1. Looking at (1) out of contact with any Gly (no Cβ under 8 Å at 6 or more places or on another chain); (2) exposed (fewer than 15 other Cβ atoms within 10 Å of the Cβ); (3) basic (K, R), which one does R301 not meet, given that it meets all the others?
2. What number of residues within the stretch 139-163 satisfy the criterion of being touching a Leu at 6+ places or on another chain (Cβ under 7 Å) and part of a loop (DSSP other than H, G, I, E, B)?
3. Check K56 against each of (1) in contact (Cβ under 8 Å) with a residue 12 or more places away in the chain; (2) within 16 Å of ligand 1 (Cβ to nearest atom) and name the one condition it does not meet.
4. State yes or no: is V213 in contact (Cβ under 8 Å) with a residue 40 or more places away in the chain, buried (at least 18 other Cβ atoms within 10 Å of the Cβ), within 16 Å of ligand 1 (Cβ to nearest atom) and among the β-branched types (V, I, T)?
5. What's the number of the condition P241 fails, among (1) touching a Lys or Arg at 6+ places or on another chain (Cβ under 6 Å); (2) under 23 Å from N99 (Cβ atoms)?
6. Got a number for residues in the stretch 53-92 being touching a Phe, Trp or Tyr at 6+ places or on another chain (Cβ under 8 Å) and of a type in the set (V, I, T)?
7. Note down all Cβ pairs under 7 Å where the first residue falls in the stretch 301-315 and is among the hydroxyl-bearing types (S, T, Y), the second is assigned to a strand (DSSP E or B), and they're at least six residues apart or on different chains.
8. May I ask you to list the residues in the stretch 267-285 that are crowded, with 21+ Cβ neighbours inside 10 Å and not aliphatic (A, V, I, L, M)?
Amino acid sequence: MAAIVDLRDVSISYGNVRAVRGITFALERGRVLGLVGESGSGKSSLVSAMLALLPKGASVEGRIALDGRDLYALGERERRALRGREMATVSQDPFTALNPVIRIGRQLVEFQHRLTHLSRGAKRERAREMIARVGISDPAVRMEQYPHQLSGGLRQRVAIAAALLVQPKLLIADEPTTALDATTEAEVIEIIRDMRGEVDGSIILVTHDMGVVGRLCDDVAVMYAGELVESGPVEAVLGHPQHPYTRALLACDPARIETPSRHLPTIPGTVPSPAALPGGCIFSTRCPSVQPVCRVDKPVRIGIGASHAACHFAGAA
Ligand SMILES: Nc1ncnc2c1ncn2[C@@H]1O[C@H](COP(=O)(O)OP(=O)(O)OP(=O)(O)O)[C@@H](O)[C@H]1O
Ligand SMILES: [Mg+2]
């Protein structure tokens, strides 16, 4: 079956800095992918390229295909049309998706403007149903309210409802729970999980949190300093991580620590800037298992079982 998203050797540059380099992977229809990595690893850049939402001055090399169509071979206008019709996004800040001066109900109707076969009444009814489905009580009341009258968690639910109303082939949620408190975060995660069936395609969830990946995703792609270091099915990657960076991220996951202290462990050091990458393996400057070869030769991604990892010692354990 054709992949919903197929990336071949994708690189993204801001001016002359290549912030994302050589990303190749495919996401099959119906699957949920977790895209993880520390701040600055290139997650948002990569999903923005898929959504054709990169800022001016950014450029994309390689091929990004959505359901078989090469996005960057299309003209600007066709690309935008495809985005509006077949992709939807939920961002960190639901205020960016919602217009503050228009009532929720009217906005949710307008989000459906591409569903031209439906009457306004039918769109309103779909909006009301979707609001109820994302767990908002009194949908009729909420439809008449403005975004600022809702709590952060409710606004994020409305943003998810809005994204689902367009029936996207690809739904991208970039850190959708970062701005929420822990309880609301857990609720929003549940909703995204329940909504899987509403997306006749695939979901990409960008997150820092390996725990969220374990609960919600089928596949995982781990990025570090602009490159894909490990990818594969969640059971394989979380159960038998091959890359020391993946292991380090898992070691920082509070849910996996048997006696959590107040201070969560973090990976020592910082992600190198894309303008000043180390030679050899990009993780060599922080890797707890670094060997002399790692500082000289850049590892290529190899398959180990169901996973792929870019480490000289992948599969060695
Ligand atoms: N508009 C931009 N102009 C120049 N450089 C940028 C721009 N956006 C991102 N970058 C650079 O690209 C790299 C990847 O950033 P990106 O925001 O994609 O990472 P991220 O994984 O989404 O991080 P976070 O977890 O903080 O959201 C960083 O080095 C960043 O400085
Ligand atoms: Mg980001």
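1. Unmet condition: (2).
2. Total meeting the criteria: 0.
3. For K56, the failing item is (1).
4. Yes.
5. Just one mismatch for P241, condition (2).
6. 2
7. Going by the 7 Å Cβ cut-off, the qualifying pairs are S307/E230; S307/S231; S307/G232.
8. Result: P274, C281, F283, S284.
The values are calculated or read from the model by the stated rules, or taken from the named source; none is laboratory data. Since the structure is predicted, the reported quantities are computational estimates derived from the model, not experimental observations. FYI the Cβ positions are ideal-geometry reconstructions off the backbone, even for glycines, and counts take in every protein chain you see.
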